[in-house]
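The values are calculated or read from the model by the stated rules, or taken from the named source; none is laboratory data. Bear in mind that the values here come from a model prediction, so they are computed numbers and not experimental data. Neighbour counts run over all protein chains shown; Cβ positions are idealised from the backbone, glycine included. Calculation scope for accessible area: heavy atoms of the full protein, side chains included, ligands and nucleic acids excluded. Shrake-Rupley method; radii C 1.70, N 1.55, O 1.52, S 1.80 Å.
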Amino acid sequence: MAPAASRAALTPKPAAARTKAQAIDALMALPELKAWSAHIEKASGGKARGAVLDDEEEGTKLIGGKRYWSLSFIENGDEAAHRWETFLVATSGDEILVDDSNDDRQLTLSQWRAEKRPLERIVKHADSAPGGTAPPP
């Protein structure tokens, strides 16, 4: 193999840019958001739905030298919208972080799943008093 060809093979390709629409699609494909959406619709009798809201209409956030779309999963009802979680979706590559505003840090999806147990939110809520479908704070 020629030296130029071997260098080209070792050079990593830059990550493809991700549009905001692609970032939203990536979030809505997460099993947790699918389950939350189904729970919201069922618990509200179809009066509320899960949705993704753009937190930074003017652009992206810079975290650790990398750009992210800041997007929140919300429960969207007739009377109000309730935020369930805020996500940071990389504008390039496939990284998704969860913005843990309580501790002022960002979690990877695996950390979020292990520490916050997001699917337990809907199980706990199903056992709680009737009313809105938003998770407890």
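For residue 47, which aspartates and glutamates qualify as cross-link partners when the Cα separation must be under 13 Å and same-chain residues fewer than eight apart are set aside? List returned: 75, 78, 79.
About its Cα centre, how strong a charge dipole does the range 32-85 have in debye, to the nearest 20, once Lys and Arg get +1 and Asp and Glu get -1 at the Cβ? Working shown, then result.
Details: 8 positive and 11 negative charges, 54 e Å.
For this selection, approximately 260 debye.
Please calculate how many Å² of accessible area the range 21-79 carries per residue, with a 1.4 Å probe and no DNA, RNA or ligand atoms counted. Walk me through the numbers before you get to the answer.
Working: 3290 Å² over 59 residues.
The answer is 56 Å² per residue.
Considering only 118, 69, 90, and ranking their Cα positions along the charge dipole of the range 58-122 that arises from unit charges at the beta-carbon of Lys, Arg, Asp and Glu, the one farthest toward the positive end is 90. Distance between the pseudo-spin-label points of residue 81 and residue 114 (7 Å out from Cα toward the beta carbon): 3.3 nm.
Anything over 23 Å Cα to Cα? Flag those among 34/66; 20/42; 20/66, in the order listed. Please report the intermediate quantities before stating the final value.
Working: 34/66 27 Å; 20/42 28 Å; 20/66 15 Å.
Listed pairs above 23 Å: 34/66; 20/42.
The residues packed around residue 71, meaning those with a beta-carbon under 9 Å from its beta-carbon, carry a net charge of -2 if Lys and Arg are +1 and Asp and Glu are -1.
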